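Working notes for the structure below.
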Amino acid sequence: MLKLQGISKYYNPGTVNEICLFQDFNLTIQDGEFVSVVGSNGSGKTSMLNIICGSIPIDSGKIMVNDIDITDLPEFKRQRKIGRVYQNPAMGTSPNMTILENMSLADNKGKRFDLGRGTNKKRIDYYRESLRSLNLGLEDKMDVPVGSLSGGQRQAMALLMVTMTPIEFLILDEHTAALDPKTAELIMELTDKVVREKNLTTIMVTHNLRYAVEYGNRLLMMHQGDIVIDQSGDAKKDIKIENLLEKFNEISIECGN
């Protein structure tokens, strides 16, 4: 279980450009939930992910995972239990390393590094079978540098790599936004498959309202650091894209746009 308790976050504090993004923000995510998060630019979606992952500090409040306070835990230690796939496909893989080397690197996440060989030849068949499950033909390109792959292939690899070792949370930061429509559909289908097979607690930020409606078992809409829609279970299943657009328009009118 993940809990954000009384979170406050200010940008540029003490200056004329001070912005209060979160003030006494609270959110609880149960184990096994797949949460889709939507909202306009500046609503706090990505900042919330950064707070969970430890990429940015908070000014007050607590971040709890299974009743353990991780508020002061550095980002690199949180990454042992958190897998994150970014919007930019280049951020989830090492472009100058081969597919095999990338897979080996992901396989060693959380383990001690020494002067031994980075690639365990006994694991190559496992890597090849894992890649075959993507149906992208990557299992036959083990010696190809990842930088030469398409964005969709790299994003599929990134998703596979972050879930190779046991994690408690999967964070998806607009992970289909930089892809063409056909590839985005493939990545979403793969995402749903991975989440279901591994029973991962997942938070997915997306601007694609259809994905938010079709995938996951809980939906949040954020606005100016607050949650304005929070629906799960049957209530989430009943949400239509038109309902979200109506709320967006309502917010836009309130803001004078």
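Just checking, which of Asn108, Asn96, Asn88, Asn120 is closer than 30 Å to Pro13 by Cβ and open to solvent by 20 Å² or more (accessible area, probe 1.4 Å)?
Working: Asn108 fails: closer than 30 Å to Pro13 by Cβ; Asn96 fails: closer than 30 Å to Pro13 by Cβ; Asn120 fails: closer than 30 Å to Pro13 by Cβ.
Residue meeting the stated conditions: Asn88.
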* Structure fact -> Of (1) in a helix (DSSP H, G or I); (2) at pLDDT 95 or above, Ser36 satisfies every one except (1)
* To do: Would you check if Thr191 is at pLDDT below 95 and hydroxyl-bearing (Ser, Thr, Tyr)?
  => no
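Test of understanding: among Ile239, Ile251, which residue is touching a strand residue (DSSP E or B) at 6+ places or on another chain (Cβ under 7 Å), open to solvent by 10 Å² or more (accessible area, probe 1.4 Å) and touching a residue at least 40 places away in the same chain (Cβ under 8 Å)?
Numbers: Ile239 fails: touching a residue at least 40 places away in the same chain (Cβ under 8 Å).
It is Ile251.
Give the residue, chosen from Ile51, Ile7, that is closer than 25 Å to Phe248 by Cα, outside any strand (DSSP E or B), of a type in the set (A, V, I, L, M, F, W, C) and touching a residue at least 12 places away in the same chain (Cβ under 8 Å). Full working, then the answer.
Details: Ile7 fails: outside any strand (DSSP E or B).
None of the others qualify; the one that does is Ile51.
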* **Verdict on Ser60 being in contact with a strand residue (DSSP E or B) (Cβ under 9 Å, 6 or more places away or on another chain), under 28 Å from Val194 (Cβ atoms) and at pLDDT 95 or above** => no
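Here are Thr28, Thr46: which of them is under 16 Å from Met204 (Cα atoms), touching a residue at least 12 places away in the same chain (Cβ under 8 Å) and assigned to a strand (DSSP E or B)?
Values: Thr46 fails: assigned to a strand (DSSP E or B).
Only one candidate passes the filter, namely Thr28.
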* Structure fact -> When every residue in segment 218-236 that is without any contact (Cβ under 8 Å) to a residue 60 or more places away in the chain, under 17 Å from Met204 (Cα atoms) and not β-branched (Val, Ile, Thr) is compared, the one least open to solvent (accessible area, probe 1.4 Å) is Lys236
* Asked: Which members of segment 150-175 meet the condition of being open to solvent by less than 20 Å² (accessible area, probe 1.4 Å) and out of contact with any strand residue (DSSP E or B) (no Cβ under 9 Å at 6 or more places or on another chain)?
  -> Gly152, Ala156, Met157
* Structure fact -> When segment 139-159 is checked residue by residue, the ones that are part of a helix (DSSP H, G or I) and under 23 Å from the mean Cα position of the chain (by Cα) are Val146, Gly147, Gly151, Gly152, Gln153, Arg154, Gln155, Ala156, Met157, Ala158, Leu159
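Say whether the condition of being over 21 Å from Ile51 (Cα atoms), open to solvent by 60 Å² or more (accessible area, probe 1.4 Å) and in contact with a helix residue (DSSP H, G or I) (Cβ under 9 Å, 6 or more places away or on another chain) is met by at least one residue in segment 181-194. It would help to see each step written out before you state the result.
At the first step, the residues of segment 181-194 found to be over 21 Å from Ile51 (Cα atoms) are 181-194.
Still in the running and open to solvent by 60 Å² or more (accessible area, probe 1.4 Å): 181-182, 186, 189, 193.
Applying the additional criterion that residues be in contact with a helix residue (DSSP H, G or I) (Cβ under 9 Å, 6 or more places away or on another chain) yields 182, 186.
Among the residues of segment 181-194, at least one is over 21 Å from Ile51 (Cα atoms), open to solvent by 60 Å² or more (accessible area, probe 1.4 Å) and in contact with a helix residue (DSSP H, G or I) (Cβ under 9 Å, 6 or more places away or on another chain), which makes the answer yes.
Confirm whether Thr201 is touching a strand residue (DSSP E or B) at 6+ places or on another chain (Cβ under 8 Å), open to solvent by less than 30 Å² (accessible area, probe 1.4 Å) and at pLDDT 95 or above. Step through it out loud before you land on a result.
Values: touching a strand residue (DSSP E or B) at 6+ places or on another chain (Cβ under 8 Å): yes; open to solvent by less than 30 Å² (accessible area, probe 1.4 Å): yes; at pLDDT 95 or above: yes.
Against the criterion (touching a strand residue (DSSP E or B) at 6+ places or on another chain (Cβ under 8 Å), open to solvent by less than 30 Å² (accessible area, probe 1.4 Å) and at pLDDT 95 or above), Thr201 qualifies.
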* To do: Output the residue which, of all residues in segment 8-60 that are β-branched (Val, Ile, Thr) and over 20 Å from the mean Cα position of the chain (by Cα), is surrounded by the most Cβ atoms within 10 Å (Cβ to Cβ).
  => Ile19
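Filter segment 122-137 down to the residues that are farther than 19 Å from Lys193 by Cα and without any contact (Cβ under 8 Å) to a residue 12 or more places away in the chain and list them by number. Before you say what the answer is, go through the steps one by one.
Going through segment 122-137, the residues farther than 19 Å from Lys193 by Cα turn out to be 122-125.
Of everything in segment 122-137, those that are farther than 19 Å from Lys193 by Cα and without any contact (Cβ under 8 Å) to a residue 12 or more places away in the chain turn out to be Lys122, Asp125.
The values are calculated or read from the model by the stated rules, or taken from the named source; none is laboratory data. Note that this is a predicted model, so its numbers are computed, not measured. All Cβ positions, glycine included, derive from the backbone under ideal geometry; neighbour counts span all protein chains shown. Note: areas computed on protein heavy atoms with side chains; ligands, DNA, RNA excluded. Shrake-Rupley method; radii C 1.70, N 1.55, O 1.52, S 1.80 Å.
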